[in-house]
Amino acid sequence: MTRPLRAVLMAAAAAIALAGGILVHLTLRSGTPVTADVSALTVAQFKDLSGQAGSLERWHGQVLVVNFWASWCPPCLEEIPGLVRIHRELAPKGVQIVGIAVDSADNARASAARLGVSYPVLVAGMDVIDLTRRLGNRAGALPYTVILDRNGKVVATHLGLISEDELTRIITPLLG
């Protein structure tokens, strides 16, 4: 094989690998259809930062944004200030943001205080990652956001840092 032909083939192989990587990234990043019964999320018992047990069912009838995060996850911490702003702006219109920390209560409490989290934070162990997988998080990674309409139907999921603009774009049609 000639040197120029080898260079062309190597460049083509690299381009194909890059395109494949981008496709996999976009597939994993965008929400996958949720086929699981979402009641598994709404009836699951979580403890709040004070140790009280409860479920997401208490917010039925509101647009619910459930954000799975951890104190050891830099993108998670980066998106929280935007979630706080959206919560402050849209809570009066029936939007409830709930953070589910895949962490210890102490770490979640410290991070929430440092970041000025004004919405409820619940705590879960690593086993909640299996629940996120049933909700479309094939990668089992954080942050992961699930948006439910007022009837409790999942309308969107997002793997990775979600921007304020994107979240607002998803939520706004659900407010009517």
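The values are calculated or read from the model by the stated rules, or taken from the named source; none is laboratory data. Model, not experiment: these values are computed from the prediction. Because the Cβ atoms are built from the backbone with ideal geometry, glycine has one as well, and the counts that use them run over all protein chains shown. Accessible surface areas use protein heavy atoms only, side chains included; no ligands, DNA or RNA. Shrake-Rupley method; radii C 1.70, N 1.55, O 1.52, S 1.80 Å.
Things worth noting here:
- If R0 is 25 Å, the Cβ-Cβ spacing of ARG58 and GLU78 corresponds to a FRET efficiency of close to 0.35.
- Applying 1/(1 + (r/R0)^6) with R0 = 25 Å to the Cβ-Cβ distance of ASN151 and ASP106 gives a FRET efficiency near 0.10.
- Applying the criteria of a DSSP loop state and at most 15 other Cβ atoms within 10 Å to the chymotrypsin sites (Phe, Trp or Tyr not before Pro) of region 42-137 yields TRP72.
- Pairwise label distance in nanometres, ARG133 with THR172, each label 7 Å out on the Cα-Cβ vector: 3.7 nm
- Taking all protein chains together and a 1.4 Å probe, the residues GLU89, GLU166 rank GLU89, GLU166 from largest to smallest accessible area.
- Between ALA141 and LYS47, full extension at 0.36 nm per residue minus the direct alpha carbon distance yields a gain of 31.7 nm.
- Model label sites at MET126 and ARG114, defined 7 Å from Cα along the beta-carbon direction, differ in position by 2.2 nm.
- Region 70-163 shape via C-alpha gyration tensor axes, a/c threshold 1.5: oblate
- Between SER163 and VAL38, the simple label model (points 7 Å from Cα in the Cβ direction) yields a spacing of 2.5 nm.
- Tensor-based shape of region 50-113 (alpha-carbon gyration tensor, a/c under 1.5 rounded, otherwise prolate or oblate): oblate
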